[in-house]
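What follows is one structure encoded as structure tokens, with my remarks underneath.
Every read-out reported here was derived from the displayed coordinates using simple, explicitly stated rules and does not represent laboratory data. What you see is a predicted model, and the numbers here were worked out from it, not measured in a lab. Here the Cβ positions follow ideal geometry from the backbone for every residue, glycine too, while neighbour counts run over all protein chains shown.
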Amino acid sequence: MREVEVVVIGAGQAGLAAGFHLRRAGYVPDRDAVVFDHSPRPGGAWQFRWPTLTYEKVHGMHALPGMELTGADPGRPSAEVIGGYFDAYERTFGLRVHRPVSVLAVREGAGGRLLVETSEGGYAARALINATGTWDRPFWPRFPGQETFIGRQLHSSRYPGPESFRGARVVVVGGGTSAVQQLMELAPYAAATTWVTRRPPVFRAGPFDEEQGRAAVALVEERVRAGLPPRSVVSVTGLPMTEAVRRARESGVLKRLPLFDRITPTGVAWADGRTVEADTILYGTGFRAAIDHLAPLRLREPGGGIRMTGTRALRDARVHLVGYGPSASTIGANRAGRAAVRDIRRLLTGDAQPGGAAGHLGDGAGPTVAADATGSLAS
């Protein structure tokens, strides 16, 4: 069992921001603070994005603290551009991320420490920053008859690119940004496409300004404070009305149907008797927070979420969640990493009670957010 001051779980935007601010606060990597990442290489969830999602299609990627992303080729896959940027960032600041390492569970340890059980052994930490995001928990909705479908079913997280759908009849489920972007991309290759969503989509025209950003974050924060799971991004921001979206609506690609009632062996069906034949069902139905490893700490509220004040879990002052709820944005993750480190430093040194003004993700300047091309919040 190795004792450290702080453990960071996850090395995406939020985890790297936290690692940067820990180092600035005097926590030496691998001695005082350890960063774990279960992915095989730098890049967070970006390394798994579909190859046709080029950097120019990413809206609002915000730079990590202390180092800008410059000179990127807009035509290169975003996985390569941002993966390379994260790699350079880790090396520049000597963050020494341990990978691939899986965190199996976090539970109460001896002497007031948290026991972090990992695939490379156990760590006893005085504080924890959880930055695991959502990529590892794609949400699969369940429908009657789903197991009888003889075609292909896949989640948008495993979208292989448009060529894979050539000549196929495709039903796309979901009203998020990933579902819309993937539908528009595969439509020219498919024999036919059908778009279904649970609720009518809301398209947002014009720029997404700071006031709208504050309102969106407030809606997410309200649920988190109530102990409920965070809402989906699109539910609070709407879908951006880009020129490509406008053309897709005019051509009928983005003609939305209400959610079907059941799946048949050869397609989908509604209660009113309508049916659509399909070869593939693509679920662009989003993700859930990857926080199962925190279950032994019993942080969840009856509503299913983790009640927080700032970045701190209300049930345990040692635990901070960054990139969760209102800080699930690239700029929000940066601010949350800084706020979490400041709060933890105060807790560990006994300077002040945690969770005060410094623990609020806004940190004096309100966050601005928009929906990016992957369905996450972005600055």
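Figures for the structure shown
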{"read-out": "Label-point gap, in nm, between ARG99 and ILE150 - each point 7 angstrom along Cα→Cβ", "value": "4.3 nm"}
{"read-out": "Highest average packing first - 70-79, 11-20, 30-39, 253-262, Cβ atoms within 10 Å", "value": "11-20, 30-39, 253-262, 70-79"}
{"read-out": "Gain in span if fully extended, LEU259 to TRP140, counting 0.36 nm per residue against the direct Cα distance", "value": "41.4 nm"}
{"read-out": "Summed side-chain charge close to ALA278 - residues other than ALA278 whose Cβ falls under 14 Å, Lys, Arg +1, Asp, Glu -1", "value": "+2"}
{"read-out": "Ranked THR266, THR177, criterion: other C-beta atoms within 10 Å, fewest first", "value": "THR266, THR177"}
{"read-out": "Estimated distance in nm for a label pair at ARG158 and ARG204, the labels positioned 7 Å out from Cα along Cα-to-Cβ", "value": "3.1 nm"}
{"read-out": "Cα centroid separation, region 42-58 to region 160-180 (Å)", "value": "17 Å"}
{"read-out": "Within region 138-164: backbone nitrogen closer than 15 Å to the ARG288 label point (7 Å, Cα to C-beta)", "value": "138-143"}
{"read-out": "Point-to-point label distance, ALA63-ARG76, nm (Cα→Cβ direction, 7 Å offset)", "value": "1.6 nm"}
